[in-house]
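The values are calculated or read from the model by the stated rules, or taken from the named source; none is laboratory data. Given the structure is predicted, the values throughout are model-derived calculations rather than measurements. Neighbour counts are summed over all protein chains in view; Cβ atoms, including those assigned to glycine, are modelled from backbone coordinates with ideal geometry.
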Amino acid sequence: MSKKYVEGNLNSEDVGLIIKEIRGWIGINQEGLANAVGVKLTTLQEVEEGRTAHGYNILSKVTTKYNLKARIKIEQI
């Protein structure tokens, strides 16, 4: 797996795309990932489509489950 970095302002759609990309890296479908991290399939689908704000929670579960590292930087502007 190659390292990928995303910088900038991430919205719900961006987080969903990141989760979808990770799914591709691991080679698992939506149903398999939803089961693996303990969320409903419909929730994962909504996250990947950027239609819900639960993306960061799911991303955290995915990175923990698959031993991945995600960094989120918070700055005062």
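Restricting to the range 49-77, name every residue that is within 10 Å of the chain's Cα centre (by Cα) and of a type in the set (Gly, Ala, Ser). I'd like the intermediate steps shown before the answer.
Initial filter on the range 49-77 (within 10 Å of the chain's Cα centre (by Cα)): 54-63, 70.
Scanning the range 49-77 gives 55, 60, 70.
Taking the residues in the range 8-40 that are outside any helix (DSSP H, G or I), at pLDDT below 95 and of a type outside the set (Gly, Ala, Ser) as candidates, determine which candidate is surrounded by the most Cβ atoms within 10 Å (Cβ to Cβ). Quick ask: steps written out before the conclusion?
In the first step, residues of the range 8-40 are kept if they are outside any helix (DSSP H, G or I); the result is 8-11, 27-29, 38-40.
The next check asks that each one be at pLDDT below 95; those that pass are 8-11.
Adding the requirement that they be of a type outside the set (Gly, Ala, Ser) leaves 9-11.
Working: 9: 5, 10: 16, 11: 12.
The selected residue is 10.
Please enumerate the residues belonging to the range 38-48 that are under 11 Å from the mean Cα position of the chain (by Cα) and β-branched (Val, Ile, Thr).
Matches in the range 38-48: 47 only.
Could you list all residues from the range 47-62 that are touching a residue at least 24 places away in the same chain (Cβ under 8 Å) and either more than 13 Å from residue 15 (Cα to Cα) or of a type outside the set (A, V, I, L, M, F, W, C) (or both)? First the steps, then the outcome.
From the range 47-62, those touching a residue at least 24 places away in the same chain (Cβ under 8 Å) are 47-53, 55-56, 58-59, 61-62; that's our starting set.
Residues satisfying the conditions are 48, 49, 50, 51, 52, 55, 56, 61.
Looking at 5, 66 in this structure, which one is aromatic (Phe, Trp, Tyr) and modelled with pLDDT under 90? Don't jump to the end; show me each part of the working.
Details: 66 fails: modelled with pLDDT under 90.
Exactly one residue qualifies, and that residue is 5.
Of all residues in the range 58-77, which are of a type outside the set (Phe, Trp, Tyr) and part of a loop (DSSP other than H, G, I, E, B)?
67, 68, 69, 70, 71, 72, 73, 74, 75, 76, 77
Which condition number in (1) at pLDDT below 90; (2) surrounded by fewer than 16 Cβ atoms within 10 Å (Cβ to Cβ); (3) in a loop (DSSP other than H, G, I, E, B) is the one that residue 52 fails?
(2)
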